[in-house]
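Derivation of every value follows stated rules applied to the coordinates shown; laboratory data play no part. Being a predicted model, the structure only gives us computed values, none of them experimental. Backbone-built Cβ (ideal geometry, glycine too); neighbour counts: all protein chains shown.
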Protein chains: 2
Amino acid sequence: MNDTATLTANALSRFLQADDRQSIAAALRHEHPADIVGMIGEMPVQEMAQILLCLEANKQATLFGYFDHETQVELAAALERTDMARIFGAMAHDERADLFAELTEEQRNALLPGLAQAEREDMRKLAAYPEGTVGSVMTSDYATLPPAMTTVQAIAHLRRVAPDAETIYHSYVVDDERRLVGSVSLRDLLVARDTATVEEIMRRDPPFIRAEDKREDAVEVIRKYDLLAVPVINGGDRLAGIVTYDDAMDVAQEEETERFTKISAVSGVGANMLDASLGLLYRRRIPWLLILVFGNVFSGIGIAIYEDTISAHLALVFFLPLLIASGGNAGSQSATLMVRALATGDVKMTDWGRMLARELAVAIALAATMAIAVSSIGFVRGGPEIALVVSVSMVLIVTIGSLIGMLLPFLLSRFNMDPATASAPLVTSIADAVGVLVYFAIATMLLGLAG
Amino acid sequence: MNDTATLTANALSRFLQADDRQSIAAALRHEHPADIVGMIGEMPVQEMAQILLCLEANKQATLFGYFDHETQVELAAALERTDMARIFGAMAHDERADLFAELTEEQRNALLPGLAQAEREDMRKLAAYPEGTVGSVMTSDYATLPPAMTTVQAIAHLRRVAPDAETIYHSYVVDDERRLVGSVSLRDLLVARDTATVEEIMRRDPPFIRAEDKREDAVEVIRKYDLLAVPVINGGDRLAGIVTYDDAMDVAQEEETERFTKISAVSGVGANMLDASLGLLYRRRIPWLLILVFGNVFSGIGIAIYEDTISAHLALVFFLPLLIASGGNAGSQSATLMVRALATGDVKMTDWGRMLARELAVAIALAATMAIAVSSIGFVRGGPEIALVVSVSMVLIVTIGSLIGMLLPFLLSRFNMDPATASAPLVTSIADAVGVLVYFAIATMLLGLAG
């Protein structure tokens, strides 16, 4: 697959040098846009732009939509103004609005005159929704039907709008004031008798979502009801757009990447690891590492407080990494499970009390098991007194670590912060500092009494 | 929403006590199956079974398919044999095969006689594919078309099969030997002129996938080409089924949950956190915690080796948690980024050399920044010599930790293990042990020479 792509890319470059545009069009005629991007995506932007223009007019906008945002902006700058205006006019409405938001003022002004008035307003509306909302990922290329239409008329109407709508497999039934009253699938239209009206076969009160909701909510509704698309309602209760399943899949992937990297204390959403500049990787990783360095100073302070105990019983240092790591590990397990459960909606904010009781029960069982495991090592390495200190510390440290890991995501949510900020390293650092204090306090108490 | 569900659940229970089946049918007539499951999913299984049987016959199988596996198995045991056989016969083929795999031998034998011979074979075939393969998530409810059919005939055919096929929006064109020769969308059929043949308008060489491929590959192909469904080819190059976008979304979510929990060293796939039994949570968390306890003993051994250095310079212990945590944090960042990049296909196995060079460059920059941050603390706390030891150790520990985090996922992949097993806690434990050795070795060398 990769070899074929490279071969064709070379062939395309050669055709381009020979200015043989017909061969390029012929070579790409039956290729899927996703594959064409795979072939030409690494070329200089000028060559990409020339190859794009070799395609049939109606395929140029589709292909353009498959490039990533960065490349789209570069292509927009590289293409002639008239070519770009034509492509821009034919793009899917949601992709066009996204691109518009990324362009410079100058580029926008160059493109707008080529669009019809209605399209310009549509685009301004779509681009106006804040990042992260349903409005920012919805599209306005959908088909609507009036309730009184017959199924035959409806099918004929859908055949006419098919080339422009993003999906004709689900249509939305709206009243005279564009309020959503139902939804109907093309399958139901085809199966119904010819004289039935849309109103008779439509699904009343279909699932919908509001433009100002979080974009993840669209994913949840589509997944729950197995929809092809979910209709979006604006502040005035009118149909404003739809979110399609394929855009929802992309949103789900982006959200997961963000959560996945946050849990390991990497900031920002993940670019492609192979393409990201070294400077970008450095900037995404250093902030949390530095915060955690200063966070871990607290562990050091805990050690400084108990320096006398340590110098009197140097064997205690042997168990230090083991004990604090155990608290951190148990805590990062709880935090990850809780971040995930809050994200998928398995657990709600109001469940915190119930989750706390459950976590306490599981944590004590985990802690007891780990204390038994470590007590034998303690006995061999430091005798019965050290074994006692280490076991008691283990129970407390693992229990406290687990509870911190469980509660932190809830607390962050409570103060409207993303629970995934309770990353494993952050929980580990807090559990470390607590672990140091607990360990040496217990050691001082038990060994102090014994000595 | 939740309140409505509870109210209706109470109303349904009351109707059931009064044996008023018509009111139940009326109350649920316009509800989506996902919402009905939300209402009755918490009831005793006997009540659920009775409510299910109040619905119209054709809706029973659809509703049944929306319950989770566990509940399906319970319902199968609670329903009369003839009722269950009827529901079983009408279920979507992939859901039926999944359920079949979960039943006892006795339950299977009770259900099989009610099914037609062809259906029984179909189900045995679907159930035969191993867990995790494309075959295990595909369905055989799809529509095929012969190449020579006209578009009018094709649309008429699709109208007839619409009630049984999982999707009619994409059909697959097969030759006499059931080999896949093309795919055609209902949209293209509707837009084409009436006398065109399927062969003339179909897409040749459509994307496909093999039944024995990993099920994640189906998600990738559907996402890449924005498909509604991807056709599946068996070992004999014949069309064996399709994977639909909604099943692919479910697979993507399950895979993500698995990766997400593995990175925090929790074993097994996530059940719902609120419903999971305490015993299950304990069993999922304890294995890695115990492995990590014994892993961290190596850090203790490192400390034991250098006990003389530590007792001579007790201030070194102050920096121990900070230094080893920093190596672990940098390592868990690299591991998470790499696990994710390998999973999404952003990075391939053959890229390891290039990734190593990039990671080394970023790690040295991170390490240098952190060394500068920590040297000031070292100076204040222990004087210039300790500051030097701590800074040099920080550079080495962070660099080594990052490289371990980056390489471990590649190594695991190389030996056909899931790279996500390189969980953050595992990387942290390894980095901890290395960090202890590096720190005290450098301290012994530098302070030994100085003293």
| request: Filter the chymotrypsin sites (Phe, Trp or Tyr not before Pro) in segment A:380-451 down to the DSSP loop ones having no more than 11 other Cβ atoms within 10 Å, then list what survives. | output: A:Phe415
| query | According to a simple spin-label model (label point 7 Å from Cα along Cα-to-Cβ), what is the distance in nm between A:Arg120 and B:Asp250? | reply | 4.8 nm
| Hey, for A:Asp175 with labels 7 Å out along Cα-Cβ, what do the inter-copy distances come to in nm, ordered shortest first? | 5.7
| Shielding by other protein chains, B:283-290, mean Cβ within 10 Å | 5
| said: No solvent, one uniform scatterer per C-alpha: report log10 I(q)/I(0) for segment A:1-96 via the Debye equation at q = 0.16, 0.21, 0.22, 0.23 1/Å, two decimals. | reply: -0.61, -1.08, -1.19, -1.30
| If you wrap a convex hull around the Cα atoms of segment B:278-450, how much volume per residue is inside, in Å³? | 135 Å³
| Taking a spot 7 Å from the Cα of A:Arg86 along the direction of its beta carbon, which residues of segment A:41-67 have an amide N less than 15 Å from it? | A:49-64
| field | Farthest toward positive dipole pole in chain A [+1 Lys/Arg, -1 Asp/Glu at C-beta], among A:Ile442, A:Ile263, A:Leu180 | value | A:Ile442
| About its Cα centre, how strong a charge dipole does the protein assembly as shown have in debye, to the nearest 20, once Lys and Arg get +1 and Asp and Glu get -1 at the Cβ? | 1420 debye
| message | Quick query: amide H of B:Thr133 versus all other amide H atoms, modeled in the peptide plane; which residues come in under 5 Å with a sequence gap of 5 or more or a different chain? | response | B:Arg215
| field | For segment B:367-379, Karplus couplings with θ = phi - 60° (6.51, -1.76, 1.60), whole Hz, Gly/Pro x | value | 4, 5, 4, 5, 5, 4, 4, 7, 5, 5, 4, x, 5
| said: Just the number: Rg to Rh for segment A:54-120, Cα atoms, Kirkwood Rh, two decimals. | reply: 0.91
| field | Size of electric dipole in segment B:266-418: Cβ of Lys, Arg +1 and of Asp, Glu -1, about Cα centre, debye, nearest 20 | value | 380 debye
| Taking the DSSP beta bridges in the protein assembly as shown as the whole, what percent of them are antiparallel, to the nearest 5? | 75 percent
| request: Report, in degrees rounded to the nearest 10, the 0 to 90 angle that the Cα long axis of helix B:315-344 makes with the longest principal axis of chain B. | output: 30 degrees
| message | I'd like the mean, over residues of B:306-319, of how many other protein chain beta carbons sit within 10 Å of each residue's own Cβ. | response | 4
| query | Which value, in nm² and rounded to one decimal, describes the direction-averaged projected area of the C-alpha convex hull of segment B:352-410? | reply | 3.8 nm²
| the protein assembly as shown: radius of gyration and largest Cα-Cα distance (Dmax), Å | 31.0, 100
| query | A:Ala57 label points, 7 Å along Cα→Cβ, one per copy: pairwise distances from this copy to the rest in nm, shortest first? | reply | 5.6
| query | Say the dipole of the protein assembly as shown comes from +1 at the beta carbon of Lys and Arg and -1 at that of Asp and Glu; which of A:Met39, A:Gly235, B:Ile364 then lies farthest toward its positive end? | reply | B:Ile364
| note | Once the in-chain neighbours fewer than 8 apart are removed, the lysines whose Cα is under 23 Å from A:Lys214 read A:Lys125, A:Lys224, A:Lys262, A:Lys348
| query | Just the Cα atoms of segment B:96-240: what Rg and Dmax do they give in Å? | reply | 16.5, 54
| Modelled label-to-label distance, B:Glu131 and A:Leu446, 7 Å Cα→beta-carbon offset: nm? | 4.1 nm
| Measuring from label point to label point, each 7 Å out along Cα→Cβ, what is the B:Arg108 to A:Leu278 span in nm? | 5.8 nm
| request: Take the Cβ-Cβ distance between B:Glu47 and A:Arg203 as r, set R0 to 25 Å, and report the resulting FRET efficiency rounded to the nearest 0.05. | output: 0.40
| field | Cβ-based exposure ranking for A:Arg159, B:Arg187, in which fewest neighbours within 10 Å come first | value | A:Arg159, B:Arg187
| remark: Taking placed amide H atoms and a strict 5 Å upper bound, the residues 5 or more places from B:Val181 or on another chain that come that close are B:Val173, B:Val174, B:Asp175
| said: At 222 nm, what value in deg cm²/dmol follows for chain A if DSSP H runs of at least 4 each add -39500 (n - 2.57) and the sum is divided by all its residues, to the nearest 500? | reply: -22000 deg cm²/dmol
| task | With N denoting the number of residues in chain B, provide Rg(C-alpha) divided by 2.2 N^0.38 Å, to two decimal places. | result | 1.34
| For A:Gln153, which inter-copy label distances result when the label point lies 7 Å beyond Cα on the Cα-to-Cβ vector, reported in nm to one decimal and in ascending order? | 3.3
| query | Roughly how many Å is it from the Cα centre of segment B:341-385 to that of segment B:114-175, as a whole number? | reply | 53 Å
| message | If the only charges are +1 at each Lys and Arg Cβ and -1 at each Asp and Glu Cβ, what is the size of the charge dipole of chain B around the Cα centre, to the nearest 20 debye? | response | 1140 debye
